[in-house]
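The values are calculated or read from the model by the stated rules, or taken from the named source; none is laboratory data. Everything numeric here is computed off the predicted structure, so don't read it as measured data. Quick reminder, even Gly has a Cβ in these numbers, built from the backbone with ideal geometry, and neighbours come from all protein chains shown.
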Amino acid sequence: MVEYTDKERQRKIRSAFQARQVMNYKPPAYFAVIRRTMISLVAIATFSIAYVAMWFYTAQGLRSNLEDWAVNARQAGWAVTYKQPVLSGFPFAIRLTLNTPSFATSGDDPDWSWKGPELVIQSRPWNPGRYLLKFPEHNELTLKTKAGPVSYGGLSQELTVEFKPGEHWPKDLLIHAKNVALQAITGAKVGARSATIEATHDPSNPEDIKSPSLSFKINAQDLVLPAHFKLPMGAKVSKLSINGAVMGGIEPGLLRSSLATWRDAGGTMEIPKFSMRYGPFHLIRSDGTVALDGNLQPVGAFTAKVIGFHEFIDALRVSGWVRGKDSLTVKLVTSAFFQKDENGGPPTLNLAVSIQNGKIFTGQAKLVDMPHVNWGPKVASD
């Protein structure tokens, strides 16, 4: 047995005590806080670097998509001009601002053209496949008429187009306008207090004519249409609402050729809801089906419930849309079918309306000639 002196014994006791203290050592609480803070800072820095990289990558993708679209549009004959896009919006938006942009349909005599001081194209870094177009407060729109082009200029409180691109058509589309008021030098006006167009494109089964390839909704209030339309009761439509669906797919390409193929496959357009207020005329509800005949002109059949029908016929006669003889015939045929309103309101009339051979009929009585629809240049297959 080894014997220790008092000094050696005391030294060993101190060593054992110190070892026990080291083993039981606990760092101060603020060390843990510092550690968690450092980990969080590293994570935030890593995320920030990745987000910045993603933002710039997505922004360059948006710029590239714009340039590709402009090239394709110009190759198709459209006139597209704008200055070098300005990139902004970091960190929560990707925004391209086009200064002095202008667009016009193809040809030396375009059907319409637009220009403005700027156009903003915007997307979100976390949803780069969806775009928002913001039109400026001041817009200039030129429309082709028989008398020559008519230019309108004016202000809009809000005018936006939101869409998600598809292979050939947008997968979905939302156009919204608020307090748009444009006026020509002649005094003619176009615009709307509010208007929305919603459309959804589903190309999954284009050969199935029983399935909708395109569904749409149109709603407008205080819509002012171009004066050259020469509408019978003025250019203002107080209220318009249309829901519809295109049954069967319409192939991309020349519109006239694509519509002919769609027609031959049995394609139709279903209109389950159509209502309108136009002067004293109130189309309470209407539904029907529209197709295209051998000349690609509309044919269809509708049922409708209306108020103010005879006032509408008189306006058509005065404006020259309907001959006096035809207006008298229509009024005589429909007079016996008016129904009194139980609440003392104006009488209503249920109508069967058809479109055929370039004319619109109520029952067997001709109402008005249908304006010819021009779908573009003819092709040999028509």
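Assorted remarks:
- Test: residue in segment 238-256 that is within 25 Å of ALA352 (Cα to Cα) and basic (Lys, Arg): yes
- Residue list for segment 100-127, restricted to those being within 23 Å of GLN183 (Cα to Cα), at pLDDT 90 or above and part of a strand (DSSP E or B): SER102, PHE103, ALA104, SER113, TRP114, LYS115, GLU118, LEU119
- Among the residues of segment 60-83, those that are within 17 Å of LEU119 (Cβ to Cβ) and among the hydrophobic types (A, V, I, L, M, F, W, C) comprise LEU62, LEU66, TRP69, ALA70, ALA73, TRP78, ALA79, VAL80.
- Count of segment 297-345 residues which are closer than 30 Å to SER258 by Cα and assigned to a loop (DSSP other than H, G, I, E, B): 1
Conditions tested, residue by residue: (1) under 19 Å from the mean Cα position of the chain (by Cα); (2) modelled with pLDDT under 90.
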site: ASN219; (1), (2): yes, no
site: ALA227; (1), (2): no, yes
site: LEU231; (1), (2): no, yes
site: VAL237; (1), (2): no, no
site: ASN243; (1), (2): yes, no
site: ARG256; (1), (2): no, yes
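- Members of segment 223-235 found to be part of a strand (DSSP E or B) and surrounded by fewer than 17 Cβ atoms within 10 Å (Cβ to Cβ), listed by number: GLY234
- Among (1) at negative phi; (2) assigned to a loop (DSSP other than H, G, I, E, B); (3) more than 22 Å from the chain's Cα centre (by Cα) - the single one GLY266 does not satisfy: (1)
- Count of segment 312-336 residues which are touching a Pro at 6+ places or on another chain (Cβ under 8 Å) and surrounded by 15 or more Cβ atoms within 10 Å (Cβ to Cβ): 4
- Under the condition of being more than 18 Å from the chain's Cα centre (by Cα) and at pLDDT below 90, the residues counted in segment 129-141 number 0.
- Between SER319, SER381, SER335, SER354, the distinction of being under 21 Å from MET276 (Cα atoms), of a type in the set (S, T, N, Q) and modelled with pLDDT under 90 belongs to SER319 only.
- Here LYS146, LYS178, LYS164 are screened, and the one residue that is of a type outside the set (Phe, Trp, Tyr) and within 24 Å of ALA59 (Cβ to Cβ) is LYS164.
- Residue identified as part of a strand (DSSP E or B), in contact with a Gly (Cβ under 8 Å, 6 or more places away or on another chain), buried (at least 16 other Cβ atoms within 10 Å of the Cβ) and not charged (D, E, K, R) among GLY288, GLY244: GLY288
- Meets criteria (of a type outside the set (Asp, Glu) and assigned to a loop (DSSP other than H, G, I, E, B)) for ASN205: yes
- Scanning segment 119-150 for residues that are within 27 Å of ASP108 (Cα to Cα), of a type in the set (Ser, Thr, Tyr) and surrounded by 15 or more Cβ atoms within 10 Å (Cβ to Cβ) yields a count of 1.
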